[in-house]
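First up is the structure itself, then whatever we jot down about it.
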Amino acid sequence: MSLSRCILGLACLWHGVIASPPGAVPSNIPIATDLQTAAATVAQPIANSAAAPRKLHGKFLHITDLHPDQFYKPHSSTDEADACHRGKGPAGVYGAEVSDCDTPFALINATFDWIKANIKDGIDFVIWTGDTARHDSDEEIPRSADQVLGTNRWIADKITELFSDSTGQNLEIPIVPTFGNNDILPHNILLPGPNPWLQHYMHLWHRFIPEAQRHSFQFGGWFYVEVIPNRLAVFSLNTLYFFDRNAGTDGCASPSEPGYKQMEWLRIQLQIMRERGVKAILTGHVPPARTDSKKLWDENCWQKYSLWLRQYRDVVVSGLYGHMNIDHFVIHDEHDINVGMIAGLADDSIDTREAMDDELTVMGAADYLQELRQNWAKLQPPPTDSNNPGKVKGGKKGKKGRKKKSDLWGERYSLSLVSPSIVPNYYPALRIVEYNTSGLEDTPLWRESAKSVMMPIELEQNDRQKHLNLKRQHLPHTEEEEADNEIDAYKKKGKKHKGGDSKPKEPDFIIPHPPAKSSPPGPAYSPQPLTLTGYTQYFANLTHINNVTTEDLSAVSDRDEEDETWVDWLLRWRKGRHGNKKPTHPEPDPRQFNFEVEYSTFDDKLYKLGDLTVNSYVELAYRISKQPKKGKAKGVDVTYDSEAQDEEDADLFEEVEEENEDDDELSDAEDSEEDPDDEDLETETIKKHEKKKKGGKKHKKKKGKKKKQNKIWMHFLTHAFVSTVEKDDLKKFT
């Protein structure tokens with residue numbers, strides 16, 4: 001490993017991370033070659049005492065995976081080899097939707113203009129989860145450190161300008177960034193810190209990283225910001241040290257690894273947050289996605305993270321991630337936690353999961369979502385009276401006549417939310433998340449407290465030693481016993497099967513404190529201040545906005561399209577919605593850019609999410625999964641009537657479909673008013689309509705033979721791909 005790191009280190013130096021970006025990228029902050037000079041120029045956000053007092057709005061912005069590409073050209077080819085950099089094709093001004101092309105600067109600028117006009121003054125903080133450089137997908141224009149750092153600096157400057165006060169000197173709200181696997185060179189590979197990449201990002205983000213956090217950021221790229229002082233902290237995790245594809249590190253098992261050190265830092269900080277009464281949102285780029293056959297994180301990292309979520313369930317509000325481009329969520333089950341593996345007493349080679357593809361194709365994403373769905377079928381659904389689970393009776397008696405404890409709040413589970421991206425692999429999307437502000441009306445805000453509040457990450461030596469050792473006698477007796485028994489069992493198993501000569505990787509492994517028995521459920525489980533109440537997802541319909549009319553150059557007929565194989569459809573998809581087509585107009589003629597609501601959890605009739613608590617998502621996941629006619633929640637004397645739920649969902653699905661059809665008809669009418677002479681577009685629409693009419697009887701005959709669709713699953717898939725996949729194509733995923 002040391003040899004490979006040296007080689008990788010030389011590769012990173014070869015790329016020259018100190019060079020300045022090309023002139024195509026706006027820039028007014030030079031990258032200092034002298035790190036001491038760079039550190040001297042770093043300034044801390046200063047409170048603006050003269051500004052009018054600000055109140056909490058109970059909203060924040062999550063934006064991810066911008067992937068700006070300065071080489072993007074409108075009307076270029078969307079073929080994989082051309083990457084929208086050259087050739088002639090249907091690439092629109094604002095991006096080539098449903099293709100592998102990256103984001104044109106026009107889309108970046110339009111997105112920030114829209115944020116400024118519509119949401120800037122109504123949010124409390126921004127979570128920005130990385131990948132702010134283009135993919136290395138064009139062999140003719142390989143990426144350089146100039147470009148990677150240049151586009152990151154450009155976006156950092158735009159965010160700073162957007163959320164600064166009228167003087168331009170002070171940030172009005174906190175910004176919490178993290179970097180993605182494409183924000184470094186070579187992509188995916190980040191060596192242990194300190195290293196030049198971490199030094200440069202500290203400089204680029206000096207306005208965002210609190211002064212007291214800079215040492216930990218230089219050391220490993222992780223930090224936190226108290227976005228509501230003394231009440232809510234947002235943690236920026238360096239998930240590249242957890243990422244299974246990072247060949248420069250080796251997971252979280254060995255104390256010498258940065259992943260191990262980051263997990264220890266996170267454990268200590270969450271313990272401190274608990275003692276201070278502060279809640280935490282965990283954020284990062286690569287999500288802790290994991291199924292029975294695939295994974296994104298190293299297994300030991302995933303195990304520790306899941307254990308930390310379990311033990312600090314009274315502190316953690318939620319986890320927010322990007323990277324995958326698809327809109328979905330991940331549920332962690334405490335039954336999947338293997339304490340023996342974390343402690344190094346079980347062989348982690350028994351994990352047979354393969355690393356998930358770096359960039360998921362539609363097929364790969366569909367397979368992944370199918371596996372998630374299969375896992376969700378095993379979930380224990382929450383009590384039917386989810387608003388008042390205290391009314392539901394406890395479970396059956398277990399061994400020795402003891403009554404099993406009912407998990408009325410779903411504390412067996414933890415939740416991570418994965419947001420879709422700005423890069424138009426589907427449609428560009430961003431998310432406004434809302435949270436409960438009850439009792440926080442007079443709380444001092446970040447801007448008002450920037451000077452006065454300074455909670456150091458480095459504790460005094462005595463306190464630091466206390467938290468590093470975290471005395472286990474403070475654990476509740478039953479949980480301490482269970483932990484000891486589990487570790488002892490693995491020790492005995494190791495002696496029996498391996499002759500007792502296997503050494504634990506982590507002899508001083510510490511199981512964190514769980515919440516006190518008297519503690520109420522945390523904000524992730526029951527509605528209370530800082531609970532996430534819902535979100536509104538916005539998307540830009542680039543097919544409408546780009547207004548690209550095309551002529552088909554392929555020999556594929558409508559009938560061929562109906563009979564095409566899954567692979568044929570996938571190849572067609574990867575070339576973009578207008579693959580094998582060329583624009584009929586010589587000059588781009590886009591419509592006015594705008595984001596619109598794709599859906600909102602507050603009024604989505606099918607999701608029916610009362611809030612974003614764990615139980616709400618467990619119930620949704622259970623409904624998405626294949627359900628038996630009748631099922632009982634283990635340990636809870638309550639029947640989950642899935643048959644009645646299916647009927648209700650089907651009725652709601654039809655109602656939603658009718659509303660969507662009305663919206664489509666209205667949109668078509670608007671299009672015809674704007675383009676009355678566009679005969680090509682009209683002809684294409686008529687052909688599609690005739691195709692549906694011709695195939696109507698045939699499809700009706702087949703309907704009776706087809707398996708009944710789970711309407712919630714179809715609805716979930718629609719949003720997973722940000723409303724870009726047609727209904728008929730979605731059925732290929734079932």
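Values in this text are rule-based calculations from the coordinates and carry no lab data. Just so it is clear, the model here is predicted, and its values are computed rather than measured. Here Cβ is always computed from backbone atoms with ideal geometry, including for glycine, and neighbour counts include all displayed protein chains.
For GLY92, nonlocal amide neighbours, meaning residues 5 or more places apart or on other chains whose placed amide H falls under 5 Å from its own, are HIS75, GLU97.
Quick one: grab the alpha carbon gyration tensor of segment 249-308, order the square roots of its eigenvalues as a ≥ b ≥ c, and give me rounded if a/c is under 1.5, else prolate or oblate depending on whether a/b is larger than b/c.
Working: a/c = 2.48, a/b = 1.49, b/c = 1.66.
It is oblate, given that a/c is not under 1.5 and a/b is not larger than b/c.
Quick one: which of LYS279/LYS378; LYS73/LYS727; LYS608/LYS727; LYS158/LYS261; LYS59/LYS116 span more than 23 angstrom between C-alpha atoms?
Details: LYS279/LYS378 30 Å; LYS73/LYS727 31 Å; LYS608/LYS727 21 Å; LYS158/LYS261 33 Å; LYS59/LYS116 15 Å.
Cα-Cα > 23 Å for LYS279/LYS378; LYS73/LYS727; LYS158/LYS261; rest within.
Across segment 253-265, computed HN-Hα scalar couplings (Karplus, 6.51 cos²θ - 1.76 cosθ + 1.60, θ = phi - 60°) run 7, 8, x, 7, 8, x, x, 4, 5, 5, 5, 5, 4 Hz from first to last residue, x flagging Gly and Pro.
Between GLU587 and ASP728, the contour length at 0.36 nm per residue exceeds the alpha carbon distance by 47.5 nm.
Which FRET efficiency value, to the nearest 0.05, do you get for LEU162 and ASP604 by plugging their Cβ-Cβ distance into 1/(1 + (r/R0)^6) with R0 = 25 Å? Walk me through the numbers on the way to the answer.
Details: r = 29 Å, r/R0 = 1.17.
About 0.30, to the nearest 0.05.
Rounded, prolate or oblate: which fits segment 173-271, taking a ≥ b ≥ c as square roots of the Cα gyration tensor eigenvalues, rounded meaning a/c under 1.5, else prolate when a/b beats b/c? Oblate shape, in that a/c is at least 1.5 and b/c is the bigger or equal ratio.
Charge tally around HIS85: other residues with Cβ under 11 Å, Lys/Arg +1 each, Asp/Glu -1 each, net -4.
The modelled label-to-label distance for the pair ALA117/ILE510, using points 7 Å beyond Cα in the direction of Cβ, is 5.3 nm. Each residue of segment 323-333 is assigned a 3J(HN,Hα), and the resulting list reads 6, 8, 6, 8, 7, 6, 9, 10, 10, 8, 10 Hz, derived from the Karplus form 6.51 cos²θ - 1.76 cosθ + 1.60 (θ = phi - 60°), x at Gly and Pro.
A protection proxy built from the mean count of other Cβ atoms within 10 Å ranks the segments 715-728, 275-288, 105-118, most packed first, as 275-288, 715-728, 105-118.
Order these by the 10 Å Cβ neighbour count, fewest first: MET341, MET324. Intermediate results must be reported in sequence, preceding the final value.
Details: MET341 21, MET324 27.
So the ranking, lowest neighbour count to highest, is MET341, MET324.
Farthest towards the positive end of the charge dipole of segment 580-623, among the residues LEU612, HIS585, TYR599, is the Cα of HIS585, using unit charges on the Cβ of Lys, Arg, Asp and Glu.
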